[in-house]
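Okay, structure first, notes after.
Read-outs: derived from the displayed coordinates by stated rules, not from any lab. None of these values were measured; they are calculated from a predicted model. Heads up, the Cβs are rebuilt from the backbone with ideal geometry, glycines too, and the neighbour counts pull from every protein chain shown.
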């Protein structure tokens, strides 16, 4: 399971595919102050990326991929 | 198309490719600086490699790939073409040919083939190493070279989006790229972010929304709204290659040395005329491209926005600022959507409206006008297809079947005159008979046209056989240490496919003979006062319904003394006869079966299968061979072949109450000779015709029919004069009938051994006509 929805945050792990984007979007919308944990995330699909960029959850742990981290930072700013 | 069909197609194409490659290799060796040739060669190899990639033929691909790499280097001028490379490539090509044959036979490549393939690939790659430091840099160098050879880079105006990039990454020589994926791209299985992430030489990557993100409630995560901007330090060609599937969604920009200060200000004002011209030309081009884009059906809103932006930028580049500003105002006031924008683009076209002094664009605009709103790309392709010559691949079986059918048609058509005759004779319907004859002439004409058309399909230029000769002559002359140039003339001459194919082996025999026995070593040639390089000339031409092939060399000629001695030594002719032969006759001895002058058996010649094989092969297709030789000056062999051998024209004759056919091409004339003019000498009969003595033979006698030749009312013999080789002979027959086109069917089964008959044919009235073979009879 690439995304584990926990009480305090959603943990994205490994490769997150396009199929997970919808559920992630829904979860982020349902939360008051959503938090995502990307520490163990290797790669996200573009659809997931734009969900993260559009809904701007707080990132508790940045992803290892510098490009991804930068893209998310830029979106959050 | 299922996989076997695909494989068949592959084999067919691969063979074609290999043939072309072989020819090009030799041509390139002759003219190593010819870029066009090299490019063509490279393209052929590249096609072959691409085709190999369709199947899992690893050894094949390995060899071809290595060859391609090598050729790429040669093509880019980083490696000089030399004989070593040529040899390696030719060897690799031969092996590829073997592999293709194997695949054709077994449908697969045996695992054992891989070791040989690896060795060959290694041999090819060996040529790569000395010139370049490492093979890996080769493609990069190639890309750089191609970039350098591009037309003088004129600084393009830097698009606005570049300014969004941090200055640190905007270094000269790097490639900046903006990737605007389509909204629906996720449904096509694309992953733009991943694609951008994987860009070679990625230095900077940033993602932004194309349009501001929608409110969370209405946000659709499966509509792509990403706008990716990246900078790479890889060569532009690499980046282009990486984004090859989405070329219309990316904008590439090669970063220039100093980030030009406000390039969009008024470029046309400051640059000189030539650049200004180019600039305007480009504006018009981009303008038209944008319009073409707008004309596409189902255009996405994002694309419209992008074209809108592009138009805006283009306006900034206009020389005529007042026109630009008015156009800009009109653009700003435009309703959203593709149609109004397209209308605006036509109205404010840079060529038509404001900057009317542009030189070229009218030519570009004109063809665009009528198909606005349709799909320009598709129309373009259709246009190209109509212009290009269409080629249909048809298997030979189908053509042969057509050939058989038309043959039957000819026979069936021939039944009509009989029918007309019957209508007249039996039923006394003269009127009807005449109508049948009229109809017959119509059908006859159509059938003849059809036959002719099908013949044309089967016609091949003789050059297809000649193609192999270049290689053959090169290899053999190298092996023998001789210097020979091959001159080919008239390769466009056409003849029936079967005739052409039956030619290949005899011709190779003849060429080998000429190379081995005819042309001397360079030293010997110089001593004889001839140029060191020997010339082997193959010339083809058409003469009437025959194709004539002359193969001549400027070598030593046939040594008649040795030929006589050898013929006697091998017991082919008695010694006393050998001495009485004229020079010309002595030369003909080489056609005797089992004749060979070579002392030792080499792999080239000397196995006693020589010219008699050539003669047999040629005679099998109704051809003839003539050999003439001048000692010290060379040998000339002339092959005369029929254009086609499917339909034979025969003359029908009658003897002893039976009808026979005689092939028309053998007949010299038909004469009536009064019985008293025939001279009898012992049992031989002769007659003098046009001052020449012609020996006579009674056909009845030859066919063992126990009847004397019949005389007509004027006491004359019917004499059919036929040509046998160089001689003419008269056949005494009873009567002549007309000629007829027939499909000659060879005798089959137990009858095969009867050589007196060439075959049989079915006549229009249903009877069977036996076709004589006078060569064997007499």
Just rank B:511, B:581, fewest to most, by other beta-carbon atoms within 10 angstrom. B:581, B:511
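So between residue B:467 and residue B:620, what do we pick up on full extension, going 0.36 nm a residue minus the alpha carbon distance?
Values: separation 153, 0.36 × 153 = 55.08 nm, distance 2.32 nm.
Separation in residues times 0.36 nm, less the Cα-Cα distance, equals 52.8 nm.
What average count of beta carbons from other chains do you get within 10 Å of the Cβ of residues in B:215-226? Mind dumping the intermediate values first?
Values: counts 1, 7, 1, 0, 7, 5, 19, 7, 2, 4, 4, 6.
Per-residue shielding by partner chains comes out at 5.
For segment B:469-581, calculate the relative contact order in percent as a whole number, restricting contacts to Cα pairs under 8 Å that are 6 or more residues apart. Could the numbers behind the result be given before it?
Working: 125 pairs, mean separation 30.6, N = 113.
Normalised by residue count, the contact order of segment B:469-581 is 27 percent.
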Using Cα centres only, tell me the gap between segment B:30-65 and segment B:669-737 in whole Å. 64 Å
One finds, for residue B:582 and residue B:31 with R0 = 51 angstrom and r their Cβ-Cβ distance, a FRET efficiency to the nearest 0.05 of 0.65
For segment B:79-121 and segment B:528-563, what is the separation of their Cα centres, given in Å? 34 Å
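Sort the protein assembly as shown into rounded, prolate or oblate with this rule: let a ≥ b ≥ c be the square roots of the eigenvalues of the Cα gyration tensor; rounded if a/c is under 1.5, and if a/c is not under 1.5, prolate when a/b is larger than b/c, oblate otherwise.
Numbers: a/c = 2.83, a/b = 2.16, b/c = 1.31.
Verdict is prolate for the protein assembly as shown.
Of the DSSP beta bridges with both residues in chain A, give the percent that are antiparallel, rounding to the nearest 5. Walk me through the numbers before you get to the answer.
On the way: 3 of 11 bridges.
Of those bridges, close to 25 percent are antiparallel.
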Residue order, fewest to most beta carbons within 10 Å, for B:334, B:515: B:334, B:515
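Report, as an integer, the average count of C-beta atoms from other chains found within 10 Å of each Cβ along A:41-48.
Numbers: counts 0, 0, 4, 4, 6, 17, 11, 3.
Taking the mean over all residues of the peptide, I get 6.
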How would you rank B:690, B:672, going from fewest to most other Cβ atoms within 10 Å of each one's own Cβ? B:690, B:672
Taking beta carbons within 10 Å but only from partner chains, what does the mean come to for residues B:196-203? 1
Can you pull the one-decimal nm distance between simple spin-label points at residue B:98 and residue B:16, each 7 Å off the Cα toward Cβ? 2.7 nm
With runs of 4+ DSSP H residues as the only contributors, calculate the mean residue ellipticity of the protein assembly as shown at 222 nm using -39,500 (n - 2.57) per run, divided by the residue total and rounded to the nearest 500. -14000 deg cm²/dmol
